[in-house]
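Working notes, structure below.
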Amino acid sequence: MDEKDQFMDELNHLRNKVIDLERENRLFKETEKKLQAANQQLLASELQMSANEQELMDKEALTRQALEYAENIISTVREPLIILDSDLHVVSASQFFYSTFKVSSKETERELFYNPGNNQWDIPSFKELLAKILPEKTVIENYEIEHDFEKIGKKTMLLNARELQQKKDNKRRILLSIQDITERKQAEQHLKHLNTELEAKTNELQQILYITTHDLRSPLVNIQGFNKELGTSLKELTKLFEGVNIPAAVKERLSLILNEEIPEAMHFITSSTNKMDALLTGLLTLSRLGRQKTFFKDINMHQLIQDVIDNFKYDINKNNVILSVSDLPDCKGDEFQINQLFSNLLSNALKFLDPERPGNIRISGEKGNEYIKFTVEDNGIGIHPHHQEKVFELFHKLDPQKPGIGLGMNIVNQIVDKHKGKIELESEVNGGTKFIIFIPI
Amino acid sequence: MKKELTILLAEDDEGHATLIKRNLQRSGLLNEIIHFKDGQETLDFLHQKVVEKDIPSLLLLDIKMPKVDGIEVLRQVKADTKLRKMPVIMITTTDDPREIDKCHELGCSNYIKKPIDYDNFVDAIRKLGLFLLIVEVPDVNSEV
């Protein structure tokens, strides 16, 4: 081989090598590109991953928040709460459960519910309730347990339970709330006791009122009776003196005593005892009203008002009063009391008419949705706005000159109260007075 | 009314008793009126009379009395086969409808309210006197 051939060979060889190298270089570049792409992908995945991680963290935070929220609610609720599983083992309990029943979470959690605190919940009726009712029903509402708890003493507890729905596992969870109603119960008992006492006291008072008024009447019979006896004696005495010769001066004085002074004294005794009697009669009526049981029935109001009017016929005719009664709806009430109510209203309307103008009294009624409304209206002297509130007061008399003792409107008010109704008053001085009574249907 | 018939008045208030007696006499009733101050005295007397087989003609009875009250006297009188026929008239200050009903249920013959209004009282007592004058009180001592 000549040198040239050799050189050519070498050249070829080198050329091939260059080609090889170029190919390798290309390959390398390609690989580098691929690598770069892979690297980018990797970077992207990494980014994705960290994003996912962030999301996860956010979600976890949210879950934690929700849990905290729930726990905060549970720990804020002042009722002890406890969660049981289907075997009645404690899953968890609220802080108030531990503090109320003086047990620790250590001796409570995962234990059978009856056990914590030296088996203080080992109450047969309660066990039965949980064991029998709970498997069938998902709710227990306001179940009362009275029990002497070892650590906290005798208490009344109010139980409420709900089954908690768990989607993930099929385990039953029971949320049990236990409310200590011992104090409430005691307060209720106390209130009941006080009410009974109050009722007894009221009865006693009414009895006293009745007896006193009755006993006070007895001496009045004597005062009035013997006053009249004195009157009879006085007449006889006067007659006896007529036929006797008496010096003129003595006769004059005697005449003054027999005809003026003694009769005047007797007149005041009579009028005072009558007044006293009216007061006592009023008190008796009042005490009877208090003692009476209200007896509700359907009342034919037309008939009742007619009866009331009949009783006042004399006054109505004497004073030429125009009395009109419109259609009256029937109502439910105590017939005797409703009669008294309208009698008192009519009596007042008649009493306070203006003598200067013809009297006009109107009784009307109207059926509403919840109430039957009755109106007694007159064109009398009216009541000054300052006095309107006092109308219903006991023994308040608007006009001391008028007969009566200031009891009628108080009785009216009491009767309206007993019927759970209401009464309104509209009045104008010199214009008249209107009483509106609402009796519930 | 026959003169020999006796009227019993059970009334703890001396004044009321005097007023009742005076007015019965004023109305012309001249019978003997025996006054008792309480229910026990009245019952003791009545039991004595049962033994003596001399039942009084009429009992005027107040309700509110010491020891034994009028309602109890009325109850015992009406429960006694010997005394049952004796008319009993309640004279009392009470106008409590329940008390009046109770007396009627127990079998009182009449019920007179002592009104404070004395004219009415006198009127009631006089009418009672007239009634007793006119009406023949049943012979309570006859055998059933």
Inter-label distance, nm, simple model (7 Å from Cα along the C-beta direction), A:L234/B:L30
3.2
Determine the distance separating the Cα centre of region A:51-102 from the Cα centre of region B:1-65; give it in Å without decimals.
91
Separation in nanometres of the label points that stand 7 Å from Cα toward Cβ, at A:K151 and A:Q303
7.1
Could you run the Debye sum over the Cα atoms of region A:321-441, one equal point scatterer each and no solvent, and tell me log10 of I(q)/I(0) at q = 0.12, 0.22 Å⁻¹, two decimals?
-0.41, -1.38
Does the protein assembly as shown come out rounded, prolate or oblate by the C-alpha gyration tensor, with a ≥ b ≥ c the root eigenvalues, rounded set by a/c under 1.5 and, if not, prolate when a/b is larger than b/c and oblate if not?
prolate
In terms of the charge dipole of chain A, which places +1 on Lys and Arg and -1 on Asp and Glu at the beta carbon, the residue among A:G225, A:T285, A:Q306 farthest towards the positive end is A:G225
Region A:59-115 - Rg over Rh from alpha carbon coordinates, Kirkwood radius:
1.04
For A:S427, A:S233, what's the fewest-to-most ordering of other Cβ within 10 Å of each Cβ?
A:S233, A:S427
HN-Hα couplings for region A:304-321 via Karplus (6.51, -1.76, 1.60; θ = phi - 60°), in whole Hz with x for Gly/Pro, come out as 4, 5, 4, 4, 4, 4, 4, 5, 9, 3, 4, 4, 4, 5, 4, 9, 6, 7
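At most 16 other Cβ atoms within 10 Å and a DSSP loop assignment: could you name the chymotrypsin sites (Phe, Trp or Tyr not before Pro) in region A:178-242 that fit?
Filter output for region A:178-242: empty list.
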Once both label points are put 7 Å beyond Cα along the C-beta direction, the A:R172-A:E424 separation in nm becomes 5.9
Along region B:27-32, Karplus-curve 3J(HN,Hα) (6.51, -1.76, 1.60; θ = phi - 60°) to the nearest Hz, with x for Gly and Pro, reads 7, x, 7, 9, 5, 6
Could you line up B:H35, B:H47 from fewest to most neighbouring Cβ atoms inside 10 Å?
B:H47, B:H35
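By counting other Cβ atoms within 10 Å of each Cβ, how are A:E3, A:E68 ranked from fewest to most?
On the way: A:E3 7, A:E68 10.
Fewest to most other Cβ atoms nearby, the residues stand as A:E3, A:E68.
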From the helices alone, meaning DSSP H stretches of at least four residues, give me the mean residue ellipticity at 222 nm for the protein assembly as shown, per-run term -39500 (n - 2.57), in deg cm²/dmol to the nearest 500.
-17500 deg cm²/dmol
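Treating only the Cβ of Lys, Arg, Asp and Glu as charged (+1, +1, -1, -1), what charge dipole size does region B:6-133 show about its Cα centre? Round to the nearest 20 debye.
Values: 19 positive and 22 negative charges, 94 e Å.
So the magnitude is around 460 debye.
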Lone cysteines in the protein assembly as shown, defined as no other cysteine's Cβ under 4.7 Å from theirs: which are they?
A:C331
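Bear in mind these aren't lab numbers, they're just calculated from the coordinates by the rules spelled out. Keep in mind that what you see is a predicted model, and the values were worked out from it rather than measured. A quick note on method: Cβ atoms are made from the backbone with ideal geometry, for glycine too, and the neighbour counts reach across all protein chains shown.
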